[in-house]
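Here's the structure, in structure tokens; my notes come after.
The values are calculated or read from the model by the stated rules, or taken from the named source; none is laboratory data. Because the structure is predicted, anything quoted here is derived from the model rather than measured. Neighbour counts are summed over all protein chains in view; Cβ atoms, including those assigned to glycine, are modelled from backbone coordinates with ideal geometry.
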Amino acid sequence: MRLIGLTGNIASGKTAVAGMLEERGAVIVDADVLAREAVSKGSPALEAIRSKWGDDILDDEGNLDRSSLRHIVFQNQADLEALNEIVHPEVARLREREIDAAGKRGERLLVCVIPLLFERHLADDFQAIVLVDAPRSLRLERIVRDRGIDETEAMKMIAAQMPADLKRARADYVIENAGTLEELEAEVEKVWGAIVADEVSSLGASKI
């Protein structure tokens, strides 16, 4: 099974691209979905988060209040890293579970959506890396407009990630997402064609 890593900084458009790749036949494993499972009510990760930052990060029903936690961790890099150290090992375990299940089903191509792929040193886990990118100013606009987050906090969220230029240098494919949905579809189609062609080439080589 061919493993592809899909990454990109916040508000670059990873979710939209993942949906387009899924439409073309890829199996998608999304770290954000796994992260929500990792910190679900009653989970060890949520208890560790509550133990460190207190009951104020829980809502009235005992679920994680993401807004409250975000206000805390993006004020201090040490807090953000502490949160990552709690959540990421569990996300990694859940990702391996999904990869194993896909392999047993005989899937041919699996795309793992991982926002912090480079930051967490996961690039070597994949046969190819696809980066979704958009100008910083546009990503800031999207965060404020689409997520209801104020500009100051949005800027802190952007600053907490590795600069996109460094990621572009390490990615195998770059999908530009600064235009229309139709333009994004065209970018995805181009990269998908290259990935499929590379897969066919690899299959041919393995038979020699």
Lone qualifier among 95, 139, 168, 70 - being more than 16 Å from residue 7 (Cα to Cα), part of a helix (DSSP H, G or I) and not small (Gly, Ala, Ser): 70
Please find, among 33, 87, 17, the residue that is touching a Gly at 6+ places or on another chain (Cβ under 9 Å) and part of a helix (DSSP H, G or I). 17
Could you identify the single residue in 21, 80, 6, 110 that is among the hydrophobic types (A, V, I, L, M, F, W, C), within 21 Å of residue 160 (Cα to Cα) and touching a strand residue (DSSP E or B) at 6+ places or on another chain (Cβ under 7 Å)? 6
Criterion violated by residue 101 - all others in (1) within 22 Å of the chain's Cα centre (by Cα); (2) assigned to a helix (DSSP H, G or I); (3) closer than 30 Å to residue 151 by Cβ satisfied: (3)
Which is at pLDDT 95 or above, among the hydrophobic types (A, V, I, L, M, F, W, C) and closer than 19 Å to residue 116 by Cβ, of 21, 58, 34? 34
Flagged in the range 112-160 as among the acidic types (Asp, Glu) and either surrounded by 15 or more Cβ atoms within 10 Å (Cβ to Cβ) or free of Cβ contacts under 8 Å to residues at least 40 places away in the same chain (or both), in numbering order, are 119, 124, 125, 133, 141, 150, 151, 153
Among the candidates 16, 78, 35, which residue alone is under 16 Å from the mean Cα position of the chain (by Cα), farther than 20 Å from residue 122 by Cα and surrounded by fewer than 20 Cβ atoms within 10 Å (Cβ to Cβ)? 16
